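A.B. asks: The structure follows.
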There are 2 protein chains.
Amino acid sequence: MEKRVTLGHGAGGKLTQDLINSLFIPHLKNDLLMEMGDSAIIRKKPLRDRLAFTTDSFVVTPLFFPGGDIGKLAVNGTINDLVVAGAEPLYLSAGFILEEGLPFEDLERVCVSMADACNNGGVQIVAADTKVVEKGKGDGIFINTSGVGLLRPKARIDPKRVAPGDSILVTGTLGDHGISVFLARQKLGINTNVKSDCAALNTLLLPLIDKFGGDIHFMRDLTRGGFATILNEMAGQSGTSVVVREDSIRVLPGVVAVCEMLGFDPLYLANEGKAMLAISPDVAGKVLKHLRKHRLGRNAEIVGQVDQAGEGKARVFLDTTVGGTRLLDRLLEDQLPRIC
Amino acid sequence: MEKRVTLGHGAGGKLTQDLINSLFIPHLKNDLLMEMGDSAIIRKKPLRDRLAFTTDSFVVTPLFFPGGDIGKLAVNGTINDLVVAGAEPLYLSAGFILEEGLPFEDLERVCVSMADACNNGGVQIVAADTKVVEKGKGDGIFINTSGVGLLRPKARIDPKRVAPGDSILVTGTLGDHGISVFLARQKLGINTNVKSDCAALNTLLLPLIDKFGGDIHFMRDLTRGGFATILNEMAGQSGTSVVVREDSIRVLPGVVAVCEMLGFDPLYLANEGKAMLAISPDVAGKVLKHLRKHRLGRNAEIVGQVDQAGEGKARVFLDTTVGGTRLLDRLLEDQLPRIC
């Protein structure tokens, strides 16, 4: 049977990896793309600056949800992709694909929100493009934001630098964004106070780079696929295993309630204002203290550590609250499509 | 009545300008965005390099057409946006929005085509992203390509440098791309040999920058809205008028035939491998000779010249073959939507 694209291919899990491995890598591979970070790091002639360059398309539905909207998400998402590469976000582009019939009012709300996010994040949208497709050929608004940043002089973020013994930190509660969008979409009448955590992480994370430099081995924002998926990517790229302690993971009561009711796992839910770090154990206490001083890091925790990969297999394990250990594998597809 | 987005808002004409003026400028304006070029030119601290940065989303239908496909278009379109800013294209990003049910085979054809276009154009795709939307919420494949380029040392492309007396050159025949896509879409059974002119213009245009430097005042690829729309943009930005001689405009017989049959004007049709230039009259002959030596410029012509704006109004006039003069105004919307 003819192979076709499914929703799972866009969900950040195993199917997305299949798509990348079977199509994009064979045809488009080059040394920079193959680093597979959230941003490409360009440190080559003819350029003198060390640049980070990233792209992300946003197709979230609904367009507006508690704590944010597609515009805020698009700006902060691209800011964060640059930040976790160790780069100061500078310039963004915005490419809009609008569906015929979209109320101007909705587009205006999104523009206002993008402008606010740019001001808060210290970036400018310097290039833009708009296309319109017929009704039924799009879904309101899709936005691509690409971004250019300048690598901080001391940044040495690289999954290959992650080593056994490293501490794993998470900057806050997990699953807020995924649950907020899910509830806004499904209109189940479930009443929670859960809001998307959508936020720019530059003021939280860049000072860590400047202060702790090479001791920060890896950072990643915990978007599509959630913490568990990112941990698996890191383990695979660094050739290590990771053990995480369930009782150190913070999840808001409203998120726990919805997860228990509907069978979601917060470790796989998307966040839009949270990151994980793998760092030298020597600085773990200091970094934690630093993070907790910031509004966006006050729930930060050391949640686990990096180990040797057993039998050469990079894996992620969860030490559960009840005293067991379970494998945290990649999901075949995401629990919730179109959350970003 | 509530104002809504129409297809015309994405067509590059007056309605697109309205959208930009009423929404994007009020909320998102900054000095770089306001230059309104095809690329933003970044020459500011903290960067040392003089960069060009551009974005474009591609929603062409059908995905495949004589002379190209959405992948080739996306790579060459972004290459050309950098080139006409006077920059050497270096790095591209690719953001895919796929519709559920898309055959893998189609996506693979597009990837192969993007890879070929990257090789031919001397660029690399270093960052990528894939999203999938439900069937009926997209249209096969949408691609955003953003690009980073390095300004050539001698580049001084700026519509404000366009002055009365400047020569206007066009690098080849007009309308090939628009007609090729239109015929592939409508399946009218009209048999022509018209193919899209989709091509990377770096080897045609960048040597001109290196050789003629500041004498090249303005360059622009003739995409959405066509030659007449770009002329109007240039006239508006430079505060000049332009007079073009109809008998110097080259249009292929197959394009003429379709235009006559269906009432299209080739001056407003999209091209994807053609550019216009406004240059010092002193070098016009030399530049023409240079262009004609290149495969992509062998039909280049000097087609008109820049004048003072009469009564302070920047306008574009066509001296017609039959001896009259008519105003070449901006169209309200494009003749053909979704050609790029």
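The values are calculated or read from the model by the stated rules, or taken from the named source; none is laboratory data. Here the structure is a predicted model, which means the values were calculated and not measured. Here the Cβ positions follow ideal geometry from the backbone for every residue, glycine too, while neighbour counts run over all protein chains shown. All accessible areas refer to the heavy atoms of the entire protein, side chains included, with ligands and DNA or RNA removed. Shrake-Rupley method; radii C 1.70, N 1.55, O 1.52, S 1.80 Å.
A.B. asks: If I go through the stretch A:1-52 residue by residue, how many of them are acidic (Asp, Glu) and at pLDDT 90 or above?
C.D. replies: Residues meeting the conditions: 1.
A.B. asks: Test each condition in (1) crowded, with 16+ Cβ neighbours inside 10 Å; (2) assigned to a helix (DSSP H, G or I) for residue A:147 and report the one that comes out false.
C.D. replies: The single condition residue A:147 does not satisfy is (2).
A.B. asks: Of everything in the stretch B:172-205, what is under 28 Å from residue B:91 (Cβ atoms) and open to solvent by 30 Å² or more (accessible area, probe 1.4 Å)? Give them in sequence order.
C.D. replies: B:203
Each row is one residue, and each column tells you yes or no for (1) charged (D, E, K, R); (2) more than 27 Å from residue B:49 (Cα to Cα); (3) facing chain B (nearest Cβ under 7 Å); (4) free of Cβ contacts under 8 Å to residues at least 60 places away in the same chain.
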| residue | (1), (2), (3), (4) |
| --- | --- |
| A:124 | no, no, yes, yes |
| A:128 | no, no, yes, yes |
| A:147 | no, no, no, no |
| A:151 | no, no, no, no |
| A:158 | yes, no, no, no |
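A.B. asks: Another question, if that's okay. Report, by residue number, each residue of the stretch B:188-204 that is within 16 Å of residue B:67 (Cα to Cα) and without any contact (Cβ under 8 Å) to a residue 24 or more places away in the chain.
C.D. replies: B:191 - this is the single residue of the stretch B:188-204 that is within 16 Å of residue B:67 (Cα to Cα) and without any contact (Cβ under 8 Å) to a residue 24 or more places away in the chain.
A.B. asks: Let me ask something additional. Take residue A:282 and tell me if it is closer than 19 Å to residue A:163 by Cα and either surrounded by fewer than 23 Cβ atoms within 10 Å (Cβ to Cβ) or at pLDDT below 95 (or both).
C.D. replies: yes
A.B. asks: If you take the residues in the stretch B:45-62 that are at the interface with chain A (Cβ under 7 Å from one of its Cβ atoms) and part of a loop (DSSP other than H, G, I, E, B), which one is surrounded by the most Cβ atoms within 10 Å (Cβ to Cβ)?
C.D. replies: B:59
A.B. asks: If we keep just the residues of the stretch A:20-44 that are over 19 Å from the mean Cα position of the chain (by Cα) and facing chain B (nearest Cβ under 7 Å), which is most open to solvent (accessible area, probe 1.4 Å)?
C.D. replies: Within the stretch A:20-44, the match that is most open to solvent (accessible area, probe 1.4 Å) is A:27.
A.B. asks: With respect to residue A:115, is the statement that it is within 14 Å of chain B (Cβ to nearest Cβ) and free of Cβ contacts under 8 Å to residues at least 12 places away in the same chain true?
C.D. replies: Taking the combined requirement at face value, the residue satisfies it.
A.B. asks: Within the stretch A:228-249, identify whether any single residue is open to solvent by 40 Å² or more (accessible area, probe 1.4 Å), in a loop (DSSP other than H, G, I, E, B), under 27 Å from residue A:114 (Cβ atoms) and not polar (S, T, N, Q), and answer yes or no.
C.D. replies: Looking for residues that are open to solvent by 40 Å² or more (accessible area, probe 1.4 Å), in a loop (DSSP other than H, G, I, E, B), under 27 Å from residue A:114 (Cβ atoms) and not polar (S, T, N, Q), one finds none in the stretch A:228-249, hence no.
A.B. asks: (1) surrounded by fewer than 16 Cβ atoms within 10 Å (Cβ to Cβ); (2) among the basic types (Lys, Arg); (3) more than 8 Å from chain B (Cβ to nearest Cβ): which one isn't true of residue A:72, the others all being true?
C.D. replies: (1)
A.B. asks: Can you say whether residue A:209 is modelled with pLDDT of 95 or more, farther than 18 Å from residue A:331 by Cβ, open to solvent by 10 Å² or more (accessible area, probe 1.4 Å) and not charged (D, E, K, R), as far as the supplied structure shows?
C.D. replies: no
A.B. asks: Please go through the stretch B:56-101 and give me each residue that is β-branched (Val, Ile, Thr) and either over 25 Å from residue B:134 (Cβ atoms) or not assigned by TED's automatic domain parsing to the domain that holds residue B:39 (or both), ordered by number.
C.D. replies: Those that are β-branched (Val, Ile, Thr) and either over 25 Å from residue B:134 (Cβ atoms) or not assigned by TED's automatic domain parsing to the domain that holds residue B:39 (or both): B:75, B:78, B:79, B:83, B:84.
A.B. asks: Here is a follow-up. Being touching a residue at least 40 places away in the same chain (Cβ under 8 Å), of a type in the set (Asp, Glu) and assigned by TED's automatic domain parsing to the domain that holds residue A:128, is that true of even one residue in the stretch A:15-23?
C.D. replies: Looking for residues that are touching a residue at least 40 places away in the same chain (Cβ under 8 Å), of a type in the set (Asp, Glu) and assigned by TED's automatic domain parsing to the domain that holds residue A:128, one finds none in the stretch A:15-23, hence no.
A.B. asks: Then there is this: Would you be able to tell me the number of residues in the stretch A:303-340 that are small (Gly, Ala, Ser) and under 28 Å from residue A:198 (Cα atoms)?
C.D. replies: Residues in the stretch A:303-340 being small (Gly, Ala, Ser) and under 28 Å from residue A:198 (Cα atoms): 1 in total.
A.B. asks: Being hydroxyl-bearing (Ser, Thr, Tyr), in contact with a strand residue (DSSP E or B) (Cβ under 9 Å, 6 or more places away or on another chain) and within 19 Å of residue A:335 (Cβ to Cβ) narrows it down to one of A:238, A:167, A:146, A:180, so name that one.
C.D. replies: Residue meeting the stated conditions: A:180.
A.B. asks: Then there's this: Looking only at the stretch A:295-307, which residues are open to solvent by less than 50 Å² (accessible area, probe 1.4 Å) and of a type in the set (D, E, K, R)?
C.D. replies: Answer for the stretch A:295-307, where residues must be open to solvent by less than 50 Å² (accessible area, probe 1.4 Å) and of a type in the set (D, E, K, R): just A:301.
A.B. asks: Filter the stretch A:130-143 for residues that are outside any strand (DSSP E or B) and at the interface with chain B (Cβ under 7 Å from one of its Cβ atoms); which is least open to solvent (accessible area, probe 1.4 Å)?
C.D. replies: A:138
A.B. asks: Which of the numbered conditions does residue B:292 fail, given that it passes all the others? Conditions: (1) open to solvent by 50 Å² or more (accessible area, probe 1.4 Å); (2) modelled with pLDDT under 95.
C.D. replies: Of the numbered conditions (1) open to solvent by 50 Å² or more (accessible area, probe 1.4 Å); (2) modelled with pLDDT under 95, the odd one out for residue B:292 is (2).
A.B. asks: Within the stretch B:192-206, identify whether any single residue is more than 26 Å from residue A:145 (Cβ to Cβ), among the charged types (D, E, K, R) and part of a helix (DSSP H, G or I), and answer yes or no.
C.D. replies: Within the stretch B:192-206, none of the residues are more than 26 Å from residue A:145 (Cβ to Cβ), among the charged types (D, E, K, R) and part of a helix (DSSP H, G or I).
A.B. asks: Let me ask you something else. For the stretch A:58-90, which residues satisfy the criterion of being farther than 30 Å from residue B:152 by Cα and not hydrophobic (A, V, I, L, M, F, W, C)?
C.D. replies: Within the stretch A:58-90, A:61, A:62, A:66, A:67, A:68, A:69, A:71, A:72, A:76, A:77, A:80 qualify.
A.B. asks: Does the stretch B:86-108 contain any residue that is outside any helix (DSSP H, G or I), among the β-branched types (Val, Ile, Thr), open to solvent by less than 20 Å² (accessible area, probe 1.4 Å) and more than 9 Å from every other protein chain (Cβ to nearest Cβ)?
C.D. replies: no
A.B. asks: Collect the residues in the stretch B:1-14 that are under 19 Å from residue B:58 (Cβ atoms) and either in contact with a helix residue (DSSP H, G or I) (Cβ under 6 Å, 6 or more places away or on another chain) or in contact (Cβ under 8 Å) with a residue 60 or more places away in the chain (or both), keeping them in residue-number order.
C.D. replies: Across the stretch B:1-14, the qualifying residues are B:7, B:8, B:9, B:10, B:11, B:12, B:13.
A.B. asks: Of the conditions (1) over 30 Å from residue B:119 (Cβ atoms); (2) among the charged types (D, E, K, R); (3) assigned to a strand (DSSP E or B), residue B:220 satisfies every one except a single condition; which number is it?
C.D. replies: Failing condition for residue B:220: (1).
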